[in-house]
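The structure under discussion appears below in the form of structure tokens.
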Amino acid sequence: MPGYGFSGTPTRTGWGPERMGQAWAELMKRLGYSRYGAQGGDWGALVVDMMGVQAPPELLGIHTNMAGAVPPEIDKAALTGAPPPPDLSAEERHAYDQLAFFYTHGLAYAQEMGNRPQTLYGIADSPVGLAAWILDHDARSRELIARVFDGQPEGLTQDDVLDNMTLYWLTNTAVSASRLYWENTLAFFAPKDVAIPVTMSVFPDEIYAAPRCWAERAYPKLIHYNRLDKGGHFAAWEQPHFFAEEVRAGFRPLRT
């Protein structure tokens, strides 16, 4: 993604998820692919949703592990602290509680990067500052990393955690990656009107675990939905084996 890792850093504004989706489609065209699928989680989930809206003819479908599927009235209630609608199922109520927790305890880092990303030079000037920011910006991810450093078996290792921090440090992309929060104008979890086939994997420790009924309303052409027993927001990093199996299973119906 532009501004991240070994990708180029944008030199002008305008690089939100919509433009990144267009750039990815153009990249695949230049690489010679006439048929492909697109996968995304975290920011990548917004990018592939936008690709699904833009629907380039070569794109057969998308796979997401962070669905844009929250009904607007539920999202508003979770954001403002209002009581949830009384007719929610147990699965929907759990998703609502996860959202409410995130909006209350996990949103501050995104607000900082969304409003003043250029002021975050502490994470580009100090390895300790960068490590603290990465370790502590997401509560469930922090809990997972703590278990890893306590020696508990997880899908990633201590070296994986350090490698992730080192990638940001050596490429000096901590601040440039933050700018996407400032560029973005989309609601993270709202439906985006994706009209092409969609496959979805739901990991239990995601910011919210999308219920099937929300997913089916948000994605009319949902062709694969599966709830996993383990994994969180950074599923490709945390549970690479299960993640890879899900991507294969999701896209398999689109092969000819």
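Quick notes
- Segment K76-E91, extension gain: residue separation times 0.36 nm, minus the distance between their alpha carbons: 3.6 nm
- log10 of Debye I(q)/I(0), alpha-carbon scatterers only, for region 107-245 at 0.12 Å⁻¹: -0.61
- Note on R147/S7: beta-carbon distance plugged into 1/(1 + (r/R0)^6) with R0 of 30 Å gives a FRET efficiency of 0.50.
- Fully extending the segment from E216 to A23 would add 66.7 nm, taking 0.36 nm per residue of separation and subtracting the current Cα-Cα distance.
- Average accessible surface for the chain: 50 Å² per residue, computed with a 1.4 Å probe over protein heavy atoms with every protein chain in place.
- Cα centre as origin, Lys/Arg/Asp/Glu Cβ charges: region 1-103 dipole, Debye: 580 debye
- In a fully extended conformation the segment linking Y109 and V53 would gain 17.4 nm over its present Cα-Cα distance, using 0.36 nm per residue.
- N164/T256 FRET efficiency (R0 41 Å; Cβ-Cβ; nearest 0.05): 0.65
- Computed E for H137/H241 - FRET, C-beta separation, R0 25 angstrom, nearest 0.05: 0.50
- Solvent accessible area, Å² - T9, 1.4 Å probe, full protein context: 70 Å²
- Interatomic Cα distance distribution for the chain, bins of 5 angstrom, percent: 1, 6, 12, 16, 19, 19, 15, 9, 3, 1, 0
- When the chain is treated as a GNM with alpha-carbon contacts under 10 Å, the residue of T64, T157, T13 showing the greatest mean-square fluctuation is T13.
- Taking the centroid of alpha carbons for each part, region 185-256 and region 88-161 are 20 Å apart.
- Dividing the helix sum by the residues of the chain, where each DSSP H run of 4 or more adds -39500 (n - 2.57), gives a mean residue ellipticity at 222 nm of -15000 deg cm²/dmol.
- Here the Gaussian network model covers the chain, with springs between Cα atoms less than 10 Å apart; of A78, A132, A190, A132 fluctuates the most.
- Think of each Lys and Arg Cβ as +1 and each Asp and Glu Cβ as -1; about the Cα centre, that makes the dipole of region 114-155 roughly 120 debye.
- Electrostatic dipole magnitude of the chain [Cβ: Lys, Arg +1; Asp, Glu -1; Cα centre; debye, to 20]: 880 debye
The values are calculated or read from the model by the stated rules, or taken from the named source; none is laboratory data. Given the structure is predicted, the values throughout are model-derived calculations rather than measurements. Methodologically, a virtual Cβ is constructed for each residue, glycine included, from the backbone with ideal geometry; neighbour enumeration extends over all protein chains shown. Side chains are part of the model used for accessible areas, which takes the heavy atoms of the whole protein and leaves out ligands, DNA and RNA. Shrake-Rupley method; radii C 1.70, N 1.55, O 1.52, S 1.80 Å.
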